[in-house]
Amino acid sequence: MLNTQETESACVFCGSRHPQKTIIFPQTFTAYQFVQAGNKACSRCAEMFTDPKYRRNSWIIRNGKFEAIENVPDFLLNLPSPPFLLYLTKAKRKHGWIRAVQNPVLSTKRFILIVDEDKIMFDDKTYADLYVFAKNLYARRIPKTIMLSGMPQPSTHRKYGLTWKESFRIRELQHNPLWRVIVEFFKRAD
Ligand SMILES: [Zn+2]
């Protein structure tokens, strides 16, 4: 039997029962597609909604502890044991964190990775494989633009010493969301 009272008393963000805090959505809030009906939130989500650190950082929350992630590609290669919440952001101003609280990571082999407001299927073996390829290109100073834009010109091949095999693989990967995560989050050490 559907209990209307209980339906109404779920956190608008994560759906947990008996939320205590009243949320006032500011005019600037536009991410209503991620929010459930109502205006109550649990205390955790209410804090996440008001504290900008949850929008401006990539983070993990494990055992209730928030930790900003500095090196995203390396972090994804060595994930801690689940369960945890994980959110990655490039834009640093989106409300994808709401999707992150709705999609807790229960297995690091395969899970839904939230990047800004997008959902990406993460698979650890695929990721490790792409990471090695990206790291190799990066070490040879292949620019990110080439790593993301697909088939480079023959002149680019010569300039950067790319093999045709690598070049074809880059082209195959250009619309692969996991590949784009690795490349876009890579930071040069120098
Ligand atoms: Zn909540």
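The values are calculated or read from the model by the stated rules, or taken from the named source; none is laboratory data. Treat the numbers as computed from the prediction; the structure is a model and nothing was measured. Every residue, glycine among them, receives a Cβ derived from its backbone with ideal geometry; neighbour counts consider all protein chains shown.
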For region 149-190, name all the residues that are under 17 Å from Ile120 (Cα atoms) and not acidic (Asp, Glu). Leu173, Gln174, His175, Asn176, Pro177, Leu178, Trp179, Arg180, Val181, Ile182, Val183, Phe185
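Rundown of residues vs (1) surrounded by fewer than 18 Cβ atoms within 10 Å (Cβ to Cβ); (2) β-branched (Val, Ile, Thr); (3) at pLDDT 90 or above, yes/no style:
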{"residue": "Thr126", "(1), (2), (3)": "yes, yes, yes"}
{"residue": "Asn136", "(1), (2), (3)": "yes, no, yes"}
{"residue": "Lys144", "(1), (2), (3)": "yes, no, yes"}
{"residue": "Pro152", "(1), (2), (3)": "no, no, no"}
{"residue": "Arg171", "(1), (2), (3)": "yes, no, yes"}
{"residue": "Gln174", "(1), (2), (3)": "yes, no, yes"}
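Any residue that is within 13 Å of the chain's Cα centre (by Cα) and outside any helix (DSSP H, G or I) - is there at least one of those in region 35-54? Step through it out loud before you land on a result.
First pass over region 35-54, keeping only residues within 13 Å of the chain's Cα centre (by Cα): 54.
Retained after the next criterion (residues that are outside any helix (DSSP H, G or I)): none.
Checked region 35-54: no residue is within 13 Å of the chain's Cα centre (by Cα) and outside any helix (DSSP H, G or I).
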List, please: which pairs have Cβ atoms under 7 Å, are six or more places apart or on different chains, and start with a residue in region 38-60 that is closer than 17 Å to Thr89 by Cα and end with one that is among the charged types (D, E, K, R)? Arg55/Lys92; Arg55/Arg93; Arg55/Lys94; Arg56/Lys92; Trp59/Glu67; Ile60/Glu67
